[in-house]
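I have placed the structure first, in the form of structure tokens, so that the comments after it can refer back to it.
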Amino acid sequence: MEAGAKPKISGARLCCSCNQRRAALKRPKTLEQICRECFYEVFEEEIHQVIVENQLFKPGERIAIGASGGKDSTVLAYVLSELNRRHNYGLDLFLLSVDEGITGYRDDSLETVKRNELQYGLPLKIVSYKDLYGWTMDEIVKMIGLKNNCTFCGVFRRQALDRGAALLKVDKVATGHNADDIAETVLLNILRGDIARLGRCTSITTGEDGPIPRCKPFKYTYEKEIISTYAYFKKLDYFSTECIYSPNAYRGFAREFIKDLERIRPRAILDIIKSGENFRIATSTKMPEQGTCERCGYISSQKWCKACVLLEGLNRGLPKLGIGRSRGLNSDVKKDHLENVMELGELVFINFGQGLSIMAVIYERCGKGLLFEFGAHRITGEGSVTRGQHLPVRYLVFASASIPPMASSAPPDSAITGQNSRKSLGFLANAKKHKHSFIQFAAMTGILLLSIRSLGQKYRIHDLQEDTAALKQEQASLTERINYIKRGLRHEASLDPTGVFASRIRLLFGEDN
Ligand code: SF4
């Protein structure tokens, strides 16, 4: 074994499989002491069994291996091409990569895939977000920041893989999802209450009702066995850097939790998968109906698929449009005209019925619609929104905080008459009695505060625009001065007959080859 190898060699113990060679490692999955040769054999044999028992492939099929250059997909490409040869699967294998356009990450990992193409003799196809959607992840992150970037990336990648697979005319896509990934996804779907995904996340083959199914030959293979053992001992060429936009903290917690469980009880990963497999969805649970996107024709349970909604948001400069649960998103699409005319910061009337309407401001667009603010309150419930005089639209109003008082249908309290009765009224009773006046007063105060705020914002924007213009002018004048100095130095250098000065100047200006 090489010096510095990660897996521990256990003294003079013999391999528990062949009983002849020295054990070289402890299998993370079973904790058996085993030699390297036997490990390769059982590792590959287990994957072969999974493929055979689940009938993942048929002879003559064209299979695309989703290749990111990472450890899982590299090992998958290597093992599948080995098994294909050894067991005569009769498959035509291809590498399929998605270029998200992440400088410093994907460009480097794609170099690894290109080397894998030569090492394993598998043809490679790369599809890019830029070509498919007109946006790179670098550009998307520039627009939306690091909060929801993985939502965009995940949705776009899913479609990109399918589109690449269609271009390759393959029958199936094999992905490198391993047992740890699947256990993590089971947990996440439980935590999110996502019944639809929980029902299908443990399936070894998915999308059989769609154009190109996907399968996971590593469904029962532990991540540790793939990376720190198999890939390491086989010295496979893979890329191990994390994505620079990887803030997925929620998934990170689930991953840590699974790792902790694995330390205590290695079987925990398989048990979580088994639990996921045995979930039964009640027949009364309403599942989304699959159809096709009206815009691009991709599989979708909504009018527009998620990628089209996200893309629409990006192209319209409203990237938050597609974030959140998809029900509201497609409502947004239906209310497209409304979205087009309503602006953030705009004042509208929300009509709660029974003669009560308040003036509120649109403070955010979310995946479910518009969010309204009334003074310090966020508003919930369903009401109609009137914009100006001519645009009454029924609209859902969502909220995250307290609810403002609604109109009451109770008649005015005519029973309370006389001074004594009036004296006995407390603050709350008075407030109840005059609630319409209270609401109007609060509304007027809210409107006043909001107007002051938006006026302040207007002035700040104006100041910033002035500052930007001044900075641009300063930049132009500095560039001019630099060019002037350069010209002077070049002239001086041309007078030096030795040419040394001129060569130094070229070096200094980065013009020397
Ligand atoms: Fe895309 Fe997020 Fe993964 Fe990076 S971490 S590749 S942004 S999904």
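Nothing in this text is a laboratory measurement; each read-out follows from the coordinates by a stated rule. From a predicted model like this one, the values you see are computed outputs, not experimental measurements. Positions of Cβ are backbone-derived with ideal geometry, glycine not excepted, and every protein chain shown enters the neighbour counts.
Summary of values
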{"read-out": "3J(HN,Hα) from dihedral phi, segment 101-109, Karplus parametrisation 6.51/-1.76/1.60, rounded to Hz, x for glycine, proline", "value": "x, 10, 5, x, 9, 5, 4, 6, 5"}
{"read-out": "For THR221, residues with placed amide H under 5 Å, excluding near neighbours", "value": "ALA179"}
{"read-out": "Convex hull of Cα atoms in segment 41-87, direction-averaged projection (nm²)", "value": "3.5 nm²"}
{"read-out": "In order through segment 291-306: 3J(HN,Hα) via Karplus (6.51 cos²θ - 1.76 cosθ + 1.60), integer Hz, x for Gly, Pro", "value": "x, 10, 5, 5, 8, 10, x, 6, 4, 7, 9, 10, 4, 10, 6, 4"}
{"read-out": "Surrounding net charge for ARG158, when Lys and Arg each add one and Asp and Glu each subtract one, Cβ distance under 11 Å", "value": "+3"}
{"read-out": "Under 10 Å, Cβ to Cβ, from ILE244 - net charge with Lys/Arg +1 and Asp/Glu -1", "value": "-1"}
{"read-out": "Long-range HN-HN contacts of ASP99 with modeled amide H, under 5 Å", "value": "VAL127, SER128, TYR129"}
{"read-out": "Distance between modelled label sites at ASP496 and ARG251, nm, 7 Å Cα→Cβ extension", "value": "5.6 nm"}
{"read-out": "Protection proxy ranking of 163-175, 43-55 - average other beta-carbon atoms within 10 Å, highest first", "value": "163-175, 43-55"}
{"read-out": "Ranked by how many other beta carbons lie within 10 Å on average, peptides 238-244, 197-203 from highest", "value": "197-203, 238-244"}
{"read-out": "Cut-off 15 Å between beta-carbons: net charge of the residues surrounding GLY69, Lys and Arg +1, Asp and Glu -1", "value": "-3"}
{"read-out": "Distance histogram for segment 129-178 (every C-alpha pair counted, 10 angstrom bins, percent rounded to whole numbers)", "value": "22, 45, 27, 6"}
{"read-out": "Set of segment 25-41 residues, backbone N closer than 20 Å to the point 7 Å along the Cα-Cβ line of ILE264", "value": "28-31"}
{"read-out": "Most positive-pole-ward Cα, ASN483, GLY499, GLY456, against dipole of segment 444-506 from beta carbon charges", "value": "GLY499"}
{"read-out": "HN-Hα J in Hz across segment 67-81 - Karplus 6.51, -1.76, 1.60, θ = phi - 60°, x for Gly and Pro", "value": "10, 9, x, x, 5, 5, 6, 5, 5, 4, 4, 5, 5, 5, 5"}
{"read-out": "Net lengthening on full extension, ARG85/THR479 (0.36 nm per residue, minus Cα-Cα)", "value": "135.6 nm"}
{"read-out": "Among 78-90, 253-265, the order from most to least packed when residues are scored by Cβ within 10 Å on average", "value": "78-90, 253-265"}
